[in-house]
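No value in this document is a laboratory result; all are computed from the given coordinates. Note that the structure is predicted; figures quoted are calculated from it, not measured. Methodologically, a virtual Cβ is constructed for each residue, glycine included, from the backbone with ideal geometry; neighbour enumeration extends over all protein chains shown.
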Ligand SMILES: [Fe+2]
Ligand SMILES: [Fe+2]
């Protein structure tokens, strides 16, 4: 699937990466770099599109008219994120129609296979997962592949708005005595699944990604930065944050 045969040399490429010069064209990168880059971008594109599909039923399921528009806007954002990354992949020779229409976005993160069953589920997913995505995208925004890093900087801003939406609703439901148990249940359901998306700390593949500056931090560092934000927030809403080691 990965077109091989790059003539780029490891040394020239690594010199640029270490000097902080962004790589801009396929003839500047080695086959190994390209393979890692494609793995990350395909997982992201498939996850963005699967994420959009997950929110679609909640245009109809939203509890207010204003919320229908908010949901439709999030769906639009996620579709746009997906298209931007698929366009980059197409430029690198990937058959993106196959990824979407034949493979049905099978490279998405596992959490995007979980159905969203209630409004409490939706807003908790929004609170936990969009923030997790934001932390991962932050690493990508600083990555060595120029075209991806520029798009990530834009996407990150929109993800922050999704995060705000999740925050507003989780705090609102947590304050409602009739909804409090439901939102805690949604937290306990989603937490281990979202916590898993960061992957294990200290893996060899993560070291390779960092070598190429496709990632900047160890998986565990990214997980901790996410957890350090959500724990005090959840506690301020009167919810009980699960332990950071609870991973499904
Ligand atoms: Fe997104
Ligand atoms: Fe999002």
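A few remarks follow.
- Cβ-based exposure ranking for 160, 92, in which fewest neighbours within 10 Å come first: 160, 92
- Against the chain, whose longest principal axis comes from its Cα atoms, helix 146-175 is set at around 10 degrees.
- Compared with the dominant Cα axis of the chain, that is its longest principal axis, helix 65-91 is turned about 10°.
- Each of 25, 6, 205 was scored by other Cβ atoms within 10 Å of its Cβ. Listed from fewest to most, they are 25, 205, 6.
- Cα shape, segment 78-148, gyration tensor, a/c 1.5 rule: oblate
- Extended-chain gain in nm, criterion 0.36 nm per residue less alpha-carbon gap, residue 244 and residue 64: 61.4 nm
- Taking 114, 35, 48 in turn, the Gaussian network model of the chain (Cα-Cα springs below 10 Å) assigns the largest fluctuation to 114.
- Of 198, 189, 127, the one that fluctuates the most in a GNM where the chain has Cα springs shorter than 10 Å: 189
- Alpha carbon centroid spacing (whole Å) that separates segment 1-77 from segment 138-171: 12
- Most mobile listed residue (78, 142, 32) in the chain, GNM with C-alpha springs under 10 Å: 32
- By the equivalent-ellipsoid construction on the alpha carbon gyration tensor, the chain comes out with semi-axes of 34, 20, 14 Å, ordered largest to smallest.
- For 12, 168, order by how many other beta-carbon atoms lie within 10 Å, fewest first: 12, 168
- Between residue 22 and residue 117, the simple spin-label model (points 7 angstrom out along Cα→Cβ) gives 4.4 nm.
- Angle of helix 119-141 to the longest C-alpha principal axis of the chain, folded into 0 to 90 degrees and rounded to 10: 20°.
- The gain in end-to-end length when the residue 178 to residue 90 segment is fully stretched comes to 26.8 nm, 0.36 nm per residue minus the alpha carbon separation.
- Förster radius 51 Å - calculated FRET efficiency between residue 236 and residue 35 (Cβ-Cβ, nearest 0.05): 0.75
- Size descriptors for segment 170-248: radius of gyration and Dmax over Cα atoms are 15.4, 50 Å.
- Helices in the chain, meaning DSSP H runs of at least 4 residues, each add -39500 (n - 2.57). Divided by all residues, the mean residue ellipticity at 222 nm is -22000 deg cm²/dmol.
- The mean sequence separation of alpha-carbon pairs under 8 Å and at least six residues apart, normalised by the residue count of the chain, gives a relative contact order of 19 percent.
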